[in-house]
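Shown next, in structure tokens, is the structure this report addresses.
Read-outs: derived from the displayed coordinates by stated rules, not from any lab. What you are looking at is a predicted structure, and each value in this text was computed from that prediction instead of being measured. Reconstructed Cβ throughout: ideal geometry from the backbone, glycine too, with neighbour counts over all protein chains shown.
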Amino acid sequence: MIGLLIVDDHPVVRDGLRGMFAGDDRFRVLGEAGNGREALVVARAVDPDVVLMDLRMPEMDGVTAIRELRAQGSRARVLVLTTYDTDSDVLPAIKAGATGYLLKGTPRGELFRAVTAAHRGESVLSPAVAGRLMGSLRSPAKEPLSQRELEVLTLVAQGNSNRETAGRLFISEATVKTHLLHAYAKLGVRDRAAAVAAAFECGLLGTD
Amino acid sequence: MQALRPATLDTAALPEAIEEVLDGWSRRSGVSAELITTGTARPLLPEIETTLLRTAQEALANVARHAAAGRVALTLSYMEDVVTLDVRDDGAGFDLDAPPVASADGGYGLAAMRDRLLRIAGSLDIESEPGGGTAVSACVPAIPVGAAA
């Protein structure tokens, strides 16, 4: 079971989220907080696995709270859940240590998947956010991905681990990693979630 | 080094030379094996090509001696800065935490393989588990023929 802490300055949003997670026994809401400062106190008390964090809040904003959580040694993964998808919001949150970034209004199923993935330590970006990030990354004269890099990225996008991808292509994991690193460099990203998002965004991968 | 350099490499490109080694190996071992080349194959420094060819030969010898494999594939991947050679089989595998000791009478010789690759600024990765097959992966810098040493 994944223990959650919900941080948002609007009680109605907290109630909505609490209600949503209450209906699923994979999750348990351990606590709530109305701003970043409260979040630090509650997180210390309940030791959540995943924190759902709003960004713009009174007293202490989300980005500061994410940084402080890290500083106080919290093991919690932070999933930002916010209304905003501007560069000035997304990048600082990710830099501060957020594992994922979703927009409010994300459908229940997707939110559940995102929380589960964040709990596993996987990066999670909603498509709108990924597109936003891509916009700032896209620059001219990028080298195209090779056929093999596309094959690897396609398998990764389908949810295969490096090991499974290596098995499917009947090559070593080491070489899968090498192809991925080259793909990251060409796409200007730093991890597999961003690479997959970027490849979709560029139309390199199909949407089915 | 000259004695170790198969005649095929003097005339053929590395993929063809490996293909030739593979055909002979398949005939002798009775195990089907294929070579897949990805990226744009291009001539590399002779030392590098020779080392990759030897890696292929030794990895195949290991497969024949130890793996009892049904399927073997070599993948030669030409990338911008490196070339990798993977030799993967679906055979017996072994425990990486208790690696077999190299020996003169048919041991794996993985240490020697690694040393040879290190000399050309390459690296060797071994992935295996009992019952799960083995992948030997050599990664070398893609230094083209004619590049200043």
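Taking chain A as the reference, fit the longest principal axis to its C-alpha atoms, fit the long axis of helix A:127-137 to the helix C-alpha atoms, and give the angle between the two in degrees, 0 to 90, nearest 10.
That works out to roughly 60 degrees.
Using the Kirkwood formula over every pair of different C-alpha atoms, what hydrodynamic radius in Å results for chain A?
Values: mean 1/r = 0.0558 Å⁻¹.
Hydrodynamic radius (Kirkwood, Cα only) of chain A equals 17.9 Å.
Ranked by Cβ crowding within 10 angstrom, fewest neighbours first, how are A:ARG148, B:ARG71, A:ARG192, B:ARG27 ordered?
With the fewest neighbours first, A:ARG148, B:ARG71, A:ARG192, B:ARG27 line up as B:ARG27, B:ARG71, A:ARG192, A:ARG148.
A:GLU173: net charge of surrounding residues, Cβ under 11 Å, Lys/Arg +1, Asp/Glu -1, itself excluded?
Taking every Cβ under 11 Å from that of A:GLU173, the sum is -1.
Mind sorting A:LEU5, A:LEU145 by how few other Cβ atoms lie within 10 Å of their own Cβ, fewest first?
Fewest to most other Cβ atoms nearby, the residues stand as A:LEU145, A:LEU5.
For A:VAL80, list long-range residues whose amide hydrogen, built 1.01 Å from N in the peptide plane, is under 5 Å from its own amide hydrogen.
So A:VAL80 has HN proximity to A:MET53, A:THR99, A:GLY100, A:TYR101, A:LEU102.
By how many nm would the segment from B:GLU16 to B:ALA92 grow when fully extended, if each residue of separation counts as 0.36 nm and the alpha-carbon distance is taken off?
24.5 nm
Find the all-direction average of the projected area of the Cα convex hull for the protein assembly as shown, expressing the result in square nanometres with one decimal place.
Numbers: hull surface 88.1 nm².
Mean orientational projected area (the protein assembly as shown, Cα hull): 22.0 nm².
Given R₀ = 41 Å, FRET efficiency for B:ALA121-A:THR116 by Cβ-Cβ distance, to 0.05? Mind dumping the intermediate values first?
On the way: r = 42 Å, r/R0 = 1.03.
It comes out at approximately 0.45.
Please determine, in degrees from 0 to 90 and to the nearest 10, the orientation of helix A:147-157 with respect to the longest principal axis defined by the Cα atoms of chain A, where the helix direction is its Cα long axis.
Helix A:147-157 and the main axis of chain A meet at about 30 degrees.
Using 1/(1 + (r/R0)^6) with R0 = 30 angstrom and r between the beta carbons of A:TYR84 and A:THR154, what's the FRET efficiency to the nearest 0.05?
0.45
For each of A:MET53, A:MET20, A:MET1, count neighbouring Cβ atoms within 10 Å of the residue's Cβ, then give the residues from fewest to most.
With the fewest neighbours first, A:MET53, A:MET20, A:MET1 line up as A:MET1, A:MET20, A:MET53.
Would you work out which of A:GLY62, A:GLY188, A:THR116 lies farthest towards the positive end of the dipole of chain A, given +1 charges on the beta-carbon of Lys and Arg and -1 on that of Asp and Glu, about the Cα centre?
My answer, from the dipole projection, is A:GLY188.
With a point put 7 Å past each Cα toward its Cβ, work out how far A:THR106 is from B:ASP81 in nm, to one decimal.
Simple spin-label model gives 3.3 nm for this pair.
Any idea what the dipole of chain A comes to, in debye rounded to 20, about its Cα centre with Lys/Arg Cβ at +1 and Asp/Glu Cβ at -1? If you can, show how the numbers build up before the last one.
Numbers: 26 positive and 26 negative charges, 99 e Å.
Using Cβ point charges on Lys, Arg, Asp and Glu, chain A gives about 480 debye.
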